[in-house]
Every structure is written in C-alpha cells, then in structure tokens.
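The values are calculated or read from the model by the stated rules, or taken from the named source; none is laboratory data. All of these numbers come straight from a predicted model, not from anything done at the bench. Here Cβ is always computed from backbone atoms with ideal geometry, including for glycine, and neighbour counts include all displayed protein chains. The protein model used for the area step is the full one, side chains on, heavy atoms only, and it has no ligands, DNA or RNA in it. Shrake-Rupley method; radii C 1.70, N 1.55, O 1.52, S 1.80 Å.
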Amino acid sequence: MLIGFFSSGASGFVAAHCLTALLDAGYKVKCSVRSQEKADEIRKRRAPHADKLDFVIVKDIVEPGAHDEAVKGVTAVVHTASPFTLDDKEDNRKYLLDPAIKGTVGVLESIVAHNPSIKRVVVTSSFAAMIDLSKGLRPGYTYSEADWNPITYDEAVKVKNGAAAYCASKKLAEKAAWDFVEERKPNFTVATICPPMVYGPLEHSARLDALNTSTADVYRLINGSCKTVPETSFYAWVDVRDVGVAHAAALNAPSDRYFITAGNFTYTQMCEIIARHFPQLVNSGMTPNPAGAPPPPEHYRVDNSRSRRVLGMSYRTLESCMIDLVNSLLKLKATEEGTHYEAAPVSVTDVRTGDEHRSHALAGTGLTVCDCHGDMGVCSCAENTCACRGCAKKTETNPTGREVHKGPKQGMGSAPKEWKETENLCDCKEGECKAGESSRKKCQGHMEGHSAPIVLNK
C-alpha cells in the first residue's frame, strides 16, 4: 500500500516522526519535498527503508495544482503541511491563513482531479482548531473533539496576536477540509489529528539556531535563557512519537476528529523533571530552579478518550518525553561543538507498583530499552516503542500482565542490524541462567555476576 505523505518537508519535526510511524507500520511512502537535496537527505537518513521511499518535488504547496503529480499512484494521503509559528506577523493572510487553507484544499482538489480512487485522507490539524482563546483558561472546563475555535476568517486577517492568528489558521484549514467533503461528496473520507503542544526527541536534521517552535520552547529551559520558570501558555501536550503513531492509525479508523493529547502540563513540571535527571543544568544556572515556583492557575482539562478507544492510543509520560528530548538537544549541542555527550538514563515508573526500573533511549530510533524483565507487573513503557527485554504486557488472556515479551513488539519494525546478536543466546530469566562466566552464551536476562548485553533478538 503506497501512502502519499505531503508535508512542508518530510524531514521536519512532526513530519519526520509521522514518516517513521508509516514506515514502521509497513507502508511504502511517497513523500513531497521542496528540493532534490531534501529527498537525498531523507533517503540517506532512512537507508534501511530506502526501498519503501519515493519522492516528488512540490516547491510551493499554495500553488494551484501543486500536488497533481504527487497524488498519482497512491492509495491514501497523509497531509501535514502547514506553517507553525506563534510570532506576530504583519500579514496573517500571506504567512498563515493562505498556506494552511489553500494547501489543504489544494491537496483535496488534486485528489478529485487526478486520483479519485483514494479512499482516506488524514489531515494534521491542532488543538488550536479547538481552543477558544477568548474564554481564557476556563477552569473546570474539559476540551474534546466537540469543541471548535470560534474565530472567523475576517477576524483572523485582522488579529494582531500571533498565537491567535496561528490558531485561526488551523481551525480554518481543518474546517475547509470537512466542508470540502460535505459539499463535494468525493470518494474519500477525512480523519483529522488534533495535537496540542508537541514535544519529543529530534529525529530530523536540526540546528540549534533553527529549531522548530516547540523544541525551541524547551531548549530555552536548558540553555540559560530563562532565569525563572516561565508562565505556561497552553496547558496540553503530547509526545511527537505518539502523534506519528496516531497518523498511521487514522488511515484505517472511522472518519472523525481525534484529539491526540497525553494530558495537561506546566513548565514547572518540565523544570522539575530536568532537575531530577539533569541536575547539572539547574546547578549551572542553565535551567531555572523550579523550587518555589508559584503553583499554576486553575485551567482547563482535556479529554483523549476517543483516541484511546478508537485509535488504540497509549501515551508516553511527560517524564520520558522530556528526558528523551533533553538528551537529544544536549547531544545535538555536543555534536555542533565537537564534543562527546553521554545520554542520561531514563527512569521508568511501573504503573501498578510505583516502583522504578532503569532504561535508556536508543538515540535516533524512538525505542526505549528497559530492565523490567516482565517481573514488575504492568510496564509503563509505551507499547509501540518499548524494546524491553522482558516487558510485561496485560492482555485479555493474561489480565495480570505477567506475559514476557523479549525484543521489539509487533508493529515496531525490525531492529537495526547492529543491535541484533543471534548466536549463542541463552533465553533464561533472572536467577535461572546456567551459562557459566566463561561461557560464550549471552543471557537476555540480567543477573548478578553474569553480565548481559542489550539484545533485540527478533
């Protein structure tokens, strides 16, 4: 199945993780890019999936017919292209509204004209299309897919606030997609993905002086820019890897809006996580000390029940997201400075007992390896990214979550070749290993005095 993946650049922050999720789900993907150089860069970074990638150059998504060639030959479309900036713009129509609205409608027009056999289009929208900024923090209110940002096009053209203009662009672009389906009655149906603030590790070519908006939002918390914990503006978030998974899941889900969010957060919580796992950043003044930060004001809540129920989503914690993101930023900084960086380990909390076990992220893969051995009840690692060598998984036939899974779970794709060790493996559990110290056998379960490598043996 060939998926058309149309973005402002498949090497961008959210786009890169969407592409990963599509490839991991087994799809072949036809990517729109702005130049041949971008296509070459993506192909190089995705070398293990080179046979699943095709490219088409779309220099300007607003131009009429920009996607006419791109839609040919594909069976479904994922459209993520839209500008994201909260800065004030002199011309909202030129920089935000037209690219978002015309870019979305243009793709739909191209499908109708050049590939009417397409049955599903997944469009990246946003919590921005749902939130009513005029209501403020709305204590006691819970946002869901039923909510729409009430701003009109005429109001959006005139508004001077950059955040309000961006929110308007997302609302108007999503509404245009639903109106197109309602009025034109095409052969395809639409599903929209509505994430709030999107954070997570970098999986694309990035520079510290040109970070995407949400990553820059966190980088200021670790580079000395903020001397005190900043005030939170948007109180909902999601891990970018979960956003990617949601796009892939929506290809085969009912036509609907899906609010993709892990819940509420504050910058104070972010700084507390940084202080726990990267204390050197607080001690050196690079991260504001969260101790004594005022409590956040009462604010709205969010409801992600539809995405959990229909798409089968399970969301990463803010803790694991921030550790992976800060590690990736510090690694990028070290790379730019020509120094070495040793990633901090991840501490994963068991959701049943509250106990912790150690794990660490595998850089650039979106996978997390942990040492839970399946003996801690229900592991809190995200189901679609955990490469635990013994992760407990609760199932209908195994309600206590005692089933042990070794290696990458179904849907994760193959483990990179260099992480596989398929010879002379002992499949014992902790405390049961009969391989002696001098044995060539390597144990997949840790035990004292018998060191084992991390083995992703699929």
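The table below gives the values:
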{"quantity": "Separation in nanometres of the label points that stand 7 Å from Cα toward Cβ, at residue 117 and residue 60", "calculated": "3.2"}
{"quantity": "Counted charge near residue 288, where neighbours are those whose Cβ lies closer than 11 Å (Asp, Glu -1; Lys, Arg +1)", "calculated": "+1"}
{"quantity": "Environment charge of residue 189, counting only residues whose C-beta is closer than 10 Å and scoring Lys/Arg +1, Asp/Glu -1", "calculated": "+1"}
{"quantity": "Coordinate range along principal axes, alpha carbons of segment 157-229, Å, largest first", "calculated": "53, 33, 20"}
{"quantity": "Gyration tensor verdict on segment 215-306 (Cα atoms; rounded if a/c is under 1.5, prolate if a/b is larger than b/c, oblate otherwise)", "calculated": "prolate"}
{"quantity": "Segment 209-252 shape via C-alpha gyration tensor axes, a/c threshold 1.5", "calculated": "prolate"}
{"quantity": "Cα shape, segment 64-172, gyration tensor, a/c 1.5 rule", "calculated": "oblate"}
{"quantity": "Flagged links, alpha-carbon separation over 26 Å, of 227/333; 44/119; 30/170; 30/333; 135/175", "calculated": "44/119; 30/333"}
{"quantity": "Extension reserve of the residue 291-residue 45 stretch, reckoned as 0.36 nm per residue once the Cα distance is removed", "calculated": "84.5 nm"}
{"quantity": "Percent accessible area from carbon and sulfur atoms, segment 25-120, protein chains only, probe 1.4 Å", "calculated": "49"}
{"quantity": "Spin-label zone in segment 149-166 - amide nitrogen under 12 Å from a point set 7 Å from the Cα of residue 178 along the C-beta vector", "calculated": "149-150"}
{"quantity": "Probe 1.4 Å - accessible area at residue 63, Å² to nearest ten", "calculated": "110"}
{"quantity": "Cα principal axis extents for segment 20-112, largest first, Å", "calculated": "44, 31, 24"}
{"quantity": "Accessible area, probe 1.4 Å, largest first, for residues 318, 133", "calculated": "133, 318"}
{"quantity": "Sequence-distant residues sharing a close amide H with residue 192 (under 5 Å, placed H)", "calculated": "123, 256, 257, 258"}
{"quantity": "Modelled FRET efficiency - R0 41 Å, residue 310 with residue 280, Cβ distances, 0.05 increments", "calculated": "0.45"}
{"quantity": "Nonlocal amide H pairs with residue 76, under 5 Å, H built at 1.01 Å", "calculated": "4"}
{"quantity": "Charge sum, other residues only, whose C-beta stays under 11 Å from residue 17's C-beta, Lys/Arg counted +1 and Asp/Glu -1", "calculated": "-3"}
{"quantity": "Residue 225-residue 187 FRET efficiency (beta carbon distance; Förster radius 60 Å; 0.05 resolution)", "calculated": "0.75"}
